[in-house]
Amino acid sequence: MVASGAAAGSSVGGAPGEEASFISALKSEVLTYTAMNGLLMLESSDEVGLVHVPVSLLPAMAVPRGLFEEVRALAEPFNVLVERFASDPVAIKETLAAAAKQDEFTRDLIRVYDAVLGGPRPSVARKNLAVNRSDYMMDQQSQRLLQVELNTISSSFGAQSTILAQMHRQILSKFDFLRQSHRGLWPGGSLLEESEDAASAQSRVPYQDTIGDIVDAFAAAAGEYRGSRGSALGPGGAVVLMVVQDDERNVMDQQILEQELWRRHGVRMERRTLAQVAEEATLGEADGILRLGDSREVAVSYLRAGYSPADYKGAEEWEARLMLEQSEAFKCPSIAYQLVGSKKIQQYLAEEGALERFMGKGEESASLRRCFASLWGLEDLGDPKTKEVIDHAKKNPHLYVLKPQREGGGNNLYDEKLREALEGEGDLSAYILMQRIVSPMHKSYLLRKGECVNADTLSELGIYGVYLCDNGREIINKCSGALVRTKLASSNEGGVTAGFSCLSTPILH
């Protein structure tokens, strides 16, 4: 979240001649690879032109192998934690009560959740498929990876992070100079041995087929759905419905999953906005079957939208969301899972005894708790401990982050804006206050729209987890691959599509 030093960036055109020629070779390789392998996005939401996804030329985050394996081992317990919390409506509504009073969006989500639980088929709320991603930053003081947040809705770049890992592995094996005299060009170079061969170097970039893990889970859910329908399944079969934003730029990351789901499993995926769902879909009153057109049944609803108030332009989008939630389809995620991913629940779980309420008091809870940063709720400003931390944050705003109940980047408050919010008269019950994680800064080569800069950067590591569960019957629980997002050290936010950061990979040592 914040660097332990000043940030700087420069064009590679000013680099010494030999270094500039090496970087030019890497840039050419990366531009070719991104174009050939789908590391692309729309240049703007209203155009058809594609540009490469912002990327680092080389792995930008050096991570001790032991710490990497520690956070990987947390993916499956985090999946279970989300399921257990989501299965407790009382806990969800009690924890979010203060935030819902102040925040209209949280209140609307809970309204839909209540409608599902009070409807004719409350058990459909527990037909859950999750593609979660837990994000971490290296805390320089403790030398541990601390959790920034747990994403339970629209966890993007699962597909393109898989391809990027393959690209960086290829680059490390292909370009000898990265392992020899010019290892100092990049953060991971100093970690390599002078005599390290290509195979050893590329193995330092961890690879897992996150694409396969995600589409395998979609296919398994579709198979469960077809099995439950039996001979009653309509002639159009069962499809996966991807719900998207109408101004989506990150289409390739999504469509790679669509293509691979068909190629590997013969399962169709169809894309619709919430408005299109409201217009085209029907929900069977008697059987709860969600249909597109007359015959295609929805086996899975996969939300790559719905996490922001901007996705609900009017009543029809909320009606569409309710239709998805009340259907017999598996939800990725359900509205309960979305609520469990909220900042307020993250803060609640860090309180003494809260995590253990769902996970018990064993080593699993202890391991999860070790990755928690310090978090504080702001619903009771008269509480002496809350008042003490607020007073400290006003005097030292650079040590804290103020987070609202929002996903998607660009919402957090830092520095003077944080101080102004704490000193104001507004209701802060929908916010949480979080320790600002001070991370080590590294020089990295970042490529955006064909232009390469060498800059001081910070990186954030994401670990994916895939989970499938039907009313408490666990079907899949799996840790998947890794993602790194690297940003200029001068930037507070970290969204790739929003323009704040670049995709990268970890390099282990």
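Of the cross-linked pairs LYS27/LYS174; LYS101/LYS417; LYS313/LYS394; LYS93/LYS343; LYS343/LYS387; LYS385/LYS417, which ones have a Cα-Cα span greater than 25 Å in the structure shown? The partial results should precede the final answer.
On the way: LYS27/LYS174 14 Å; LYS101/LYS417 23 Å; LYS313/LYS394 36 Å; LYS93/LYS343 14 Å; LYS343/LYS387 20 Å; LYS385/LYS417 22 Å.
In this structure, LYS313/LYS394 exceed 25 Å between Cα atoms.
Å³ per residue of the Cα convex hull, for the range 292-439? Mind dumping the intermediate values first?
Numbers: hull volume 24.4 nm³, N = 148.
About 165 Å³ per residue, rounded to a whole number.
Taking every DSSP bridge with both residues inside the chain, close to 75 percent are antiparallel.
Per-residue counts of other Cβ atoms within 10 Å, averaged by peptide: what ranking do you get for 165-172, 423-430, 49-56, highest first?
Numbers: 165-172: 21.9, 423-430: 14.2, 49-56: 20.0.
Those peptides, ordered most packed to least, come out 165-172, 49-56, 423-430.
For the chain, the alpha carbon convex hull comes to 147 Å³ per residue, rounded to a whole number.
Take the convex hull of the alpha carbons in the range 374-435; its mean projected area over all directions comes to 3.9 nm². Here ASP427 and LYS395 are evaluated by their C-beta separation; at R0 = 25 Å the FRET efficiency comes out at 0.65.
What value, in deg cm²/dmol to 500, does the helix sum -39500 (n - 2.57) over DSSP H runs of n ≥ 4 give at 222 nm once divided by the residues of the chain? It would help to have the intermediate numbers written out before the result.
Values: 17 runs with 194 residues, N = 509.
-11500 deg cm²/dmol, from helical runs alone.
Would you kindly calculate the mean projected area, averaged across all directions, of the convex hull enclosing the Cα atoms of the range 168-226, in square nanometres? All intermediate terms of the calculation are to be shown ahead of the outcome.
Working: hull surface 19.4 nm².
Quarter of the Cα hull surface area: 4.9 nm².
Any read-out appearing in this document is the output of simple, stated calculations on the displayed coordinates, not a laboratory observation. Because the structure is a prediction, the values reported are computed rather than measured. When we count neighbours, we look across all protein chains shown, and the Cβ atoms used for this are built from the backbone with ideal geometry, even at glycine.
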